[in-house]
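To start, the structure itself, in structure tokens.
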Amino acid sequence: MKAIAVLKNVTRTFTNRTVLDKVNLQILTGEILTLLGPNGSGKTTLLKILASILRPTDGEIYFDGVKVTEQNVERMRMQSTLVFQKTVLFNGTVYDNIAYGLRIRRVPEKEINYKVTQILKLVRLEGFEKRSARKLSGGEQQRVALARALALDIRLLLLDEPTANLDPKNASIVEEVIATVNREHKITIVMATHNMFQAKTLPQRIALMSDGKITEVGTPAEIFGKLSKNLASFAVVGNTFAGTAEITEDGITLVDIGNDVQIAATAQSSGKVSVFISPEDIILSKDRFSSSARNIFKGRITEILDLDSVVRLKVDVGKPFIVQITKRSFNDMELNLNTEVYLAFKASSVQTI
Amino acid sequence: MSISSGLIAIFLFFSIDPRIIEITLRSLFVSGSAALIAALWGVPIATIIAMKNFHGKFFIKTIFNSLIGIPTVALGFLLFLAFSRESGPLGFLRLLYTPTAVIIGEAILITPIIVSWAISAIEAVDPEIANLAKTLGASESQASFAVLKEALEGIFLAGIASFNRAIGELGIAQFVGGFIYGQTELLTTGIWIELQLNNIGASIALMMILLTTVFTINLALNTIKRMRGRE
């Protein structure tokens, strides 16, 4: 398959700190490539360089075989666009936001009108044209940002943690749109994420990043199949635990992850495994309640991170779990640091790697 | 203040006195022009200072902040020396005691307000806005314009504050405008000169007109801003 973009020995330093270190990467036309790595591994910087809004300190970038230079950088920007992790919107209506890039490209207003309507349908925000963009919910804002990028006839779509701060409903809409535009519109997509589950299901290829370097590139099966040291070390940050699995008599896999914590999973596996639980799949309550969930743990909140519309909590149940709840739930439940809580999740929500 | 002065003030305030109308219109023209000129050179200066990183940036910002409080008498006197027809370096322009000299002086006076406030407004814009514009295909200048558009409300407030400072100042108007009847007389100089002539009623009437004018213009501009915000 032909490469749409090629990075050769790309290095980027910020005041003596090397954020990208001699990165070599080929992005193949029509693929979804995921940059998987922990925070600070250089994913965002790499995306900004691919979007031509940040120049590398050293190295070369080729787009469709043409070297990106200071002279042609503005022309190259027309070929790709980046959707930021933190949603950034212009002050104005949803229509104005989506029309911005089209107006820059001097598309006639009649055509802009048609495109805005079509693209809002795609992200399931029909009729939102006249709404003030900054007054929408966090999830809706991120969908407007995605729509604004998709309205342009670009060939390379760059997404920085597109579902990181979203509730499950908005996250699944965004994931569906990403898959649709790649499949039907043949747009090449490079997506940064530290969500292991997303990395396992969405892309055709994964590039593992660590300390500004690309350590491995391969298909999800290749990357997760061998569970490299790099992947295992990074996985510690996001509800991924290494342990020993054993299949019980009733067909459930029990994974002992240490500190007296055993996780029940539906996937049949035994021996050394890693398990991953998406933060959105964990239900948090202040009281123990009866449910069908096979995994119920008691713990204390050790960290609270406010992410606009959602709140991310770290709960210590013997092992640290990341839980994501809406801001409203967080306020209603009057949660604080050290509050005693219960975590519950289904055995089917446990991904084994 | 005697009762008769008060009555004269009220009478003049509500009467359509040609001289008072002329002074009011001249004040609006002079201060409005000064605010426009200051914005024309102040906003680009503020944009460059706010959006570029260079050595001495903090020092330049501090200078502009300090100049906001410059005494109008001091600036008026300096401009008087500069425009002085006999010995001033700009005397050949023959601007002393003209509305143009007052416009230039007031524009210089309010430039630090425009620059400092506009810098604050631009720096308050999300730093990713410029990158967002660029990734959507904008050139460097179009991206800068996108940032300016986001900072418009702050720049608008800077404009209102500058106009208020210009229309209410006396020092520069006195030194470089003088009190030429029918030519350079403004609301502030009018108040002062009428007071010197012991026409307390006329002074009060001009003061009331000055305050009413400032209030009305601010109310109108803020209403427009509010209506645009609701769109």
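Tabulated data for the structure shown
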item: Qualifying residues in region A:50-67 (those that are more than 12 Å from chain B (Cβ to nearest Cβ) and among the hydrophobic types (A, V, I, L, M, F, W, C)) - the one farthest from A:Asp21 (Cα to Cα); result: A:Val66
item: Single residue of region B:162-182 satisfying the filter (more than 8 Å from the chain's Cα centre (by Cα) and in a helix (DSSP H, G or I)) that is surrounded by the fewest Cβ atoms within 10 Å (Cβ to Cβ); result: B:Gly168
item: Test for B:Ala205: is it more than 30 Å from B:Gly91 (Cβ to Cβ), within 13 Å of chain A (Cβ to nearest Cβ) and part of a helix (DSSP H, G or I); result: no
item: Residue tally, condition away from chain A (no Cβ under 14 Å) and outside any helix (DSSP H, G or I), over region B:94-148; result: 5
item: Residue that is surrounded by the most Cβ atoms within 10 Å (Cβ to Cβ), among those in region A:299-336 that are acidic (Asp, Glu) and over 22 Å from A:Ala171 (Cα atoms); result: A:Asp316
item: Filter result for the condition that a residue is over 12 Å from the mean Cα position of the chain (by Cα), at pLDDT 75 or above, of a type outside the set (Phe, Trp, Tyr) and under 20 Å from A:Leu47 (Cβ atoms), over A:Val237, A:Val190, A:Val174, A:Val181; result: A:Val181
item: Unmet criterion (only one of (1) in contact with a strand residue (DSSP E or B) (Cβ under 8 Å, 6 or more places away or on another chain); (2) at pLDDT 90 or above) for A:Leu166; result: (2)
item: Of all residues making up region A:97-135, the number that are surrounded by fewer than 19 Cβ atoms within 10 Å (Cβ to Cβ) and either polar (S, T, N, Q) or touching a residue at least 40 places away in the same chain (Cβ under 8 Å) (or both); result: 7
item: Residue identified as of a type in the set (Ser, Thr, Tyr), under 21 Å from A:Val323 (Cβ atoms) and surrounded by 15 or more Cβ atoms within 10 Å (Cβ to Cβ) among A:Ser274, A:Ser285, A:Ser269, A:Ser292; result: A:Ser274
item: Residues being aromatic (Phe, Trp, Tyr), more than 26 Å from the chain's Cα centre (by Cα) and facing chain B (nearest Cβ under 10 Å) - total across region A:71-123; result: 0
item: So B:Gly159, is it under 30 Å from A:Gln79 (Cβ atoms), at pLDDT below 95 and either more than 14 Å from chain A (Cβ to nearest Cβ) or not in a helix (DSSP H, G or I) (or both); result: no
item: Unmet requirement for B:Trp192, which otherwise passes all of (1) outside any helix (DSSP H, G or I); (2) surrounded by fewer than 21 Cβ atoms within 10 Å (Cβ to Cβ); (3) at pLDDT 90 or above; result: (1)
item: Residue check for B:Glu106: within 14 Å of the chain's Cα centre (by Cα) and of a type in the set (D, E, K, R); result: yes
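Condition check ((1) surrounded by fewer than 21 Cβ atoms within 10 Å (Cβ to Cβ); (2) over 15 Å from A:Ser80 (Cβ atoms); (3) within 14 Å of chain B (Cβ to nearest Cβ); (4) β-branched (Val, Ile, Thr)) across all residues:
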residue	(1), (2), (3), (4)
A:Asn165	no, yes, no, no
A:Lys169	yes, yes, no, no
A:Val177	yes, yes, no, yes
A:Val181	yes, no, no, yes
A:Lys186	yes, no, no, no
A:Val190	no, no, yes, yes
A:Met196	no, yes, no, no
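The values are calculated or read from the model by the stated rules, or taken from the named source; none is laboratory data. All values derive from a computational prediction rather than experimental measurement. For neighbour counting, all protein chains shown are included, and Cβ atoms are generated from backbone atoms with ideal geometry for every residue, glycine included.
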